[in-house]
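First the structure, in the form of structure tokens, and then the observations on it.
The values are calculated or read from the model by the stated rules, or taken from the named source; none is laboratory data. All values derive from a computational prediction rather than experimental measurement. Glycine gets a Cβ as well: all are built from the backbone with ideal geometry, and neighbour counts include every protein chain shown. Surface areas here come from the heavy atoms of the whole protein model, side chains and all, with no ligands, DNA or RNA. Shrake-Rupley method; radii C 1.70, N 1.55, O 1.52, S 1.80 Å.
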Amino acid sequence: MFNEVSLYANHFIGGLSKVKAFQDKDAESLEITNQKRSLPELLDLYQKQVAETGINAASGKHLGYIPGGGVFSAALADFIAATTNPYASVYYASPGAATLENEVVNWLKKLFSFPENSVGCLSSGGSISTLIAFTAARDYHQVKNELITKNVVYLSEQVHHSTQKALRIIGLEDVVIRYVELDSEHKMKPDSLEEQIKKDLAAGLQPFMVVATAGTTDTGAIDPLDHIAEIAKSNKMWFHVDAAYGGFFIMTSKKELFKGIEKADSLIVDPHKGLFLPYGVGAVLIKNSAAVLHSNYYTANYMQDGANEEMLKSPANISPELTKHFRGLRVWLPLQLHGVEPFIACLEEKLLLVQYFRNQLADRGFCLGPEPDLSVSYFWFPFENDAEAKNKKLMQEIHADGSVFLSSSVIDNRFVIRMAILAFRTKKEIIDEAVEMIERCLEKVK
Ligand SMILES: *Cc1c(COP(=O)(O)O)cnc(C)c1O
């Protein structure tokens, strides 16, 4: 059985450079029946119905949304995790697995200069990390009952939608939300933030939390973290940083842009993005452990064998999850096996590739968004008339072509096409292929 799966995996990875990044097809015939089927038959079904429909997210030709790729050694780590199946949530049940997960969290704390006594956990992704962070913020500031409608959360229009979603889920749908003005590079203007806070205080409202982004999904911009941190501190607000996409670029030449991230009360970062790991691993760091324990620490009679002093060693006390996937191993093993250097080199490469991509498009008459901080940018073609409709048509042609996948957005009321370069398999040749594809599609629209 293992050999067949191994052959399949080799075949899949070996074929990645040749297959399309996007196939607009529905999946069929995946229904579970009483019929037993052979593994080769099932692998064939998987290939056709799963691997060859939609976006090929393992491919380096995925330049839409936020890619990542899926480092193969992480798949092997998952294989070991699933085979040995340790109970990683509770220290008493598996001191080794819990310690390993905590060491991943410790590594992240060092990376972002968070104090040793901060807490954190590995989640399934950025959205769940945000929920955990916001719940701690809510409980620390005691935002409840009639106080909810008096508390103000400050956001940027470029904030990821998981932010508003998290507020709704944790019962803070009715907080006051202020969208702070942005500058021409789509970054939050600290002066506008300060002004808005003053107005709100004068109106008898309570400034509660500000959310800054270190690498926005649409434009890759990093908000002025240090300045926002100071404003949050002087107003006794919770400072949350969403570094889901951009966080790991702190290891690169762009480190300076992250100044102030260490002042955050909470921070999220997605190893399934910037560490190129397979989907299903995010992380959250929070400075105030009491606020986290308030909602997540709960004992049950049947769990009394695990003593209380092990409270902070058990991932279950920091997270809403109890029984869970031992996801620490898929972070720990690749980092130990390859070392951190190749990850940094890959991130640096993505920064260069976005510049190269932009230059190629500029040479061909495209308009580009502002100089990006990281590896996401956007473009549009300045058609003489019906520019909006024609750029939409261009996007449709690109999706129909599918050789390289790009996605679109609306920025400053303009329909734009994004390039998100983060997959570890994305190389210069793929950017060249993307440019060729775009030219081909442009001809069709013209
Ligand atoms: C991807 C992303 C999220 C959401 O993370 P998931 O892992 O998809 O749940 C949040 N914020 C930003 C900036 C992102 O890029």
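Pick out, in residue order, every one of the chymotrypsin sites (Phe, Trp or Tyr not before Pro) in segment 249-294 that is DSSP loop and has at most 15 other C-beta atoms within 10 Å; say none if there are none.
Values: sites: 249, 258, 276, 279; in loops: 276, 279.
Passing sites in segment 249-294 are 279.
When only the heavy atoms of the protein chains count and the probe is 1.4 Å, how do 176, 404 rank by accessible area, highest first? Before the final figure, lay out each step's value.
Details: 176 30, 404 0 Å².
The ordering from most to least exposed comes out as 176, 404.
Quick query: amide H of residue 314 versus all other amide H atoms, modeled in the peptide plane; which residues come in under 5 Å with a sequence gap of 5 or more or a different chain?
Here 91 satisfy the definition.
Which lysines does residue 110 reach when only Cα atoms under 28 Å apart count, and residues fewer than 8 places away in its own chain are ignored?
Answer for residue 110, where 28 Å is the Cα cut-off: 187, 233, 236, 254, 255, 259, 263, 273, 287, 313, 324, 350, listed by chain and number.
Does anything in segment 402-446 have its amide N under 16 Å from the 7 Å Cα→Cβ label point of residue 363, and if so which residues?
Residues 428-440 fall inside that zone.
What is the percent of Cα-Cα separations in segment 188-293 that go past 19 Å?
When all Cα pairs of segment 188-293 are counted, 46 percent exceed 19 Å.
Could you please put 168, 178, 440 in sequence from largest to smallest accessible area, using a 1.4 Å probe?
168, 440, 178
Given 0.36 nm per residue, what is the gain on full extension from residue 173 to residue 45 after removing their alpha carbon distance, in nm?
41.8 nm
Counting only heavy atoms of the protein chains, get the accessible area per residue of the chain (1.4 Å probe) and round it to a whole Å² value.
47
Restricting to DSSP loop positions (anything but H, G, I, E, B) with no more than 15 other Cβ atoms inside 10 Å of their own Cβ, which GluC sites (Glu not before Pro) remain in segment 33-104? Intermediate results must be reported in sequence, preceding the final value.
Values: sites: 41, 52, 101, 103; in loops: 52.
Counting only loop positions with at most 15 other Cβ atoms within 10 Å, the GluC sites (Glu not before Pro) in segment 33-104 are 52.
Quick one: pull the percent of accessible area on segment 183-280 belonging to carbon and sulfur, 1.4 Å probe, ligands and nucleic acids left out.
The computed percentage sits at 52.
Residue 368 accessible area, nearest 10 Å², 1.4 Å probe?
For residue 368, solvent-accessible area is about 50 Å².
Lysine pairs in segment 383-446 with alpha-carbon atoms under 14 Å apart, 8 or more places apart or on different chains: how many are there?
Eligible lysine pairs with Cα atoms under 14 Å apart amount to 6.
Rounded to the nearest 5, what % of DSSP beta bridges with both residues in the chain are antiparallel?
55
Quantify, in whole percent, the carbon and sulfur part of the accessible surface of segment 1-146 (1.4 Å probe; protein heavy atoms only).
55
Out of all Cα-Cα pairs in the chain, roughly what percent, to the nearest whole number, are more than 36 Å apart?
The answer is 33 percent, as a whole percent.
At 0.36 nm per residue, minus the direct Cα-Cα distance, what do residue 427 and residue 389 gain on full extension? Give it in nm, one decimal, please. Spell out each step's value before the answer.
Working: separation 38, 0.36 × 38 = 13.68 nm, distance 3.11 nm.
10.6 nm is the gain from fully extending residue 427 to residue 389.
Set the Förster distance to 35 Å, then compute FRET efficiency between residue 146 and residue 181 from the Cβ-Cβ distance, nearest 0.05. Intermediate results must be reported in sequence, preceding the final value.
On the way: r = 30 Å, r/R0 = 0.85.
After rounding, the FRET efficiency stands at 0.75.
Just to be sure I understand the model, the point goes 7 Å from the Cα along the line to the Cβ. What's the resulting residue 203 to residue 82 distance in nm?
Distance between label points: 5.1 nm.
Evaluate 2.2 N^0.38 Å with N set to the residue count of segment 326-446, then give the Cα radius of gyration divided by it. The partial results should precede the final answer.
Numbers: Rg = 16.7 Å, N = 121, 2.2 N^0.38 = 13.6 Å.
In units of the globular-protein estimate, segment 326-446 measures up at 1.22.
Using alpha carbons only, how many angstrom separate the centre of segment 338-394 from the centre of segment 237-300?
26
For residue 396 paired with residue 299, estimate the spin-label separation in nm (one decimal), with each label point 7 Å from Cα along the Cα-to-Cβ line.
In this crude spin-label approximation the distance works out to 6.4 nm.
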